[in-house]
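A.B. asks: Starting off with a structure, shown below.
Nothing in this text is a laboratory measurement; each read-out follows from the coordinates by a stated rule. Just so it is clear, the structure is predicted and the values come from calculations on it, not from any experiment. Quick reminder, even Gly has a Cβ in these numbers, built from the backbone with ideal geometry, and neighbours come from all protein chains shown.
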Amino acid sequence: MSIKIALLADLCGKNAEALYREFAEIVFLRTLHYLNSQIQPDAVVLTGSAEKLTEKQLAAVREASAEFKMPFLSMTPGIKGLPSPVECGEFLLSDHIKDCNCARKPIYLHNGGETISSDTLAVLETHHCPLCIAEPECNVPSFDRGVLVVHAPPLCEPPYRFAVIEVADSGEVTVQYEQYRLPPGLMDSHVHTQMAYCSENMDLISSLRLAKLWGLEKIAFTEHSGHLYFKREQYWGENKIWYQEGLDCADRTVRTEEYLELFAEVERESCYLGMELDVDRRGRFVATQDILNRLELKVGAVHALSEESAPETKDGQFFFVVKSLIESGIDILAHPFRIYSWDGVGEKPVGLFEPIVELLKKHNVAAEVNFHHNRPDPVFTKMCIDAGVKIALGSDAHNLYEVGFFQPHLKFLREAGYTGELKDILFRKD
């Protein structure tokens, strides 16, 4: 059984640019969630410097580190309070990595100075150690007898990378790199703001700055329309009055002007004023026409169905609501089928794939790839691509770490079988 290790270096070192330093703890949080949910290594090792972190950021990193689902080993002196069971010069033993067979693949963590000596490497060879993890700026002598020394690239410098190392039972070591700087020309078409009832730490200005950091061309702010027309307890209440009555409900709030005011002092060239439009059970937008007329991007979403419906009735209700959204002039259908499969748990109605693809094609509406509590369906996505339906990349960000977090999206498109140019299939508003 192979061992997989994520190696992070220089979380916030001396060469970190000002924009990165502003969000270093957000980058750490993103990496934590990426490792937990997607890459799932056997252990995470942090090396290098964090000298540019503020005390507030340090505290946030310490708190977040407890959420790793695998051993997290810190070799970074500037970060205190993190679990660090491995001291300088120790092997990474089986009590640190689950299912590790130390006799076959001991892994060495070097934290003992600026140089790894030939004598040290010779000792590692006698222990049949295939891998030595070193500090980013550590010097290594020429040594070609089976010990691979790996330095991680600095996470705090463009293109913001970290290493994923896999050690096979045979001792063969492979190293791949994950990076956060995105290919040019991408847009995040689904970003929430501080006005979402489900916002964790969202802020419109911070989202725009993160978009710049990751190289996004543009982002669309798409607040839940139901959150702008109904009180918190009404939206989340068991009877879902917004879905049952829509705007016919007399006892509701209106926060749309407050939402529009958020855009008064931002660079409009870098973002769209949009909305994630809820729809009631009659297929009507939960938004007034005057607001709809001011939107630059309309994302339609199904967030509720009548819970007492039988499966076949639920499918009919879902198709009616989706059809109403598509025919009412939305640009993007958000997280298709998530209402059936929250976090990937549940069966999607595969019999509806083809008719929904046909509707999207007919009305020139894009299908969204979205990983927020969602697992997009590769079959449905491939059907859309084959039919010429555009694909929208949406982070559905409710936390700043999610803005422009498209590494899962891009990997998903490759695994779904698309190998062409992204520009040929991705949605563009202009």
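A.B. asks: Which order do the peptides 375-387, 262-274, 328-340 come out in when sorted by mean C-beta neighbours inside 10 angstrom, highest first?
C.D. replies: Output ranking for 375-387, 262-274, 328-340: 328-340, 375-387, 262-274.
A.B. asks: With angles folded into 0 to 90 degrees, how steeply does helix 378-387 sit against the dominant principal axis of the chain? Use alpha carbons for both and round to 10.
C.D. replies: That helix lies at roughly 60 degrees to the long axis.
A.B. asks: Among 46-59, 415-428, how do they line up from the highest to the lowest mean number of other beta-carbon atoms within 10 Å?
C.D. replies: 46-59, 415-428
A.B. asks: Can you give the helix-only mean residue ellipticity at 222 nm for the chain, where every DSSP H stretch with n ≥ 4 adds -39500 (n - 2.57) and the sum goes over all residues, rounded to the nearest 500 deg cm²/dmol?
C.D. replies: Mean residue ellipticity at 222 nm (helix-derived): -7500 deg cm²/dmol.
A.B. asks: Using amide H atoms built in the peptide plane, which far-off residues or other-chain residues are under 5 Å from Lys390 H to H?
C.D. replies: It is Ala367, by chain and number.
A.B. asks: Now for a different question. Return the FRET efficiency for the residue pair Arg282, Asp315: r is the Cβ-Cβ distance, R0 is 22 Å, and the value is rounded to the nearest 0.05.
C.D. replies: Approximately 0.80, to the nearest 0.05.
A.B. asks: Give the Rg/Rh ratio for region 254-336, taking Rg as the radius of gyration of the Cα atoms and Rh as the Kirkwood radius, to two decimals.
C.D. replies: 1.05
A.B. asks: For the pairs Lys218/Lys348; Lys231/Lys348; Lys323/Lys382; Lys361/Lys411; Lys52/Lys423, note any where the Cα-Cα span goes beyond 27 Å.
C.D. replies: Lys218/Lys348; Lys231/Lys348; Lys52/Lys423
A.B. asks: As I understand it, the value is the acute angle between the Cα axis of helix 24-34 and the longest principal axis of the Cα atoms of the chain; what does it come to in degrees, rounded to 10?
C.D. replies: With rounding to tens, the tilt is 80 degrees.
A.B. asks: So how do 174-186, 128-140 stack up, highest first, on mean other-Cβ count within 10 Å?
C.D. replies: 128-140, 174-186
A.B. asks: Here's something else I'd like to know. Given axes a ≥ b ≥ c from the Cα gyration tensor, I'd like to know whether region 187-424 is rounded (a/c under 1.5), prolate (a/b larger than b/c) or oblate.
C.D. replies: Here region 187-424 falls in the oblate category.
A.B. asks: Does region 113-177 classify as rounded, prolate or oblate by the C-alpha gyration tensor (a ≥ b ≥ c root eigenvalues; a/c under 1.5 gives rounded; else a/b over b/c gives prolate, otherwise oblate)?
C.D. replies: oblate
A.B. asks: What number, in percent, do you get for the relative contact order of the chain if the mean sequence gap of Cα pairs under 8 Å and at least 6 apart is divided by its residue count?
C.D. replies: Once normalised by length, the contact order is 12 percent.
A.B. asks: Once phi is turned into ³J(HN,Hα) by the Karplus curve 6.51 cos²θ - 1.76 cosθ + 1.60 with θ = phi - 60°, what whole-Hz value does each residue of region 233-249 show in order, with x for glycine and proline?
C.D. replies: Calculated HN-Hα couplings, in order: 5, 6, 5, 8, x, 4, 7, 6, 4, 5, 7, 6, 10, x, 6, 5, 5 Hz.
A.B. asks: For the chain, set up a GNM with springs between Cα atoms under 10 Å and report which of Pro154, Pro41, Pro141 has the largest fluctuation.
C.D. replies: Largest GNM mean-square fluctuation: Pro141.
A.B. asks: Given labels modelled 7 Å from the Cα in the Cβ direction, how far is it in nm from Thr126 to Asp203?
C.D. replies: 5.6 nm
A.B. asks: By the gyration tensor of its Cα atoms, with a ≥ b ≥ c the square roots of the eigenvalues, what is the shape of region 273-389: rounded for a/c under 1.5, prolate for a/b over b/c, or oblate?
C.D. replies: Note, shape of region 273-389 comes out oblate.
A.B. asks: Estimate the FRET efficiency between Tyr177 and Thr115 by the formula 1/(1 + (r/R0)^6), using the beta-carbon distance for r and 22 Å for R0, to the nearest 0.05.
C.D. replies: For R0 = 22 Å, the calculated efficiency reads 0.35.
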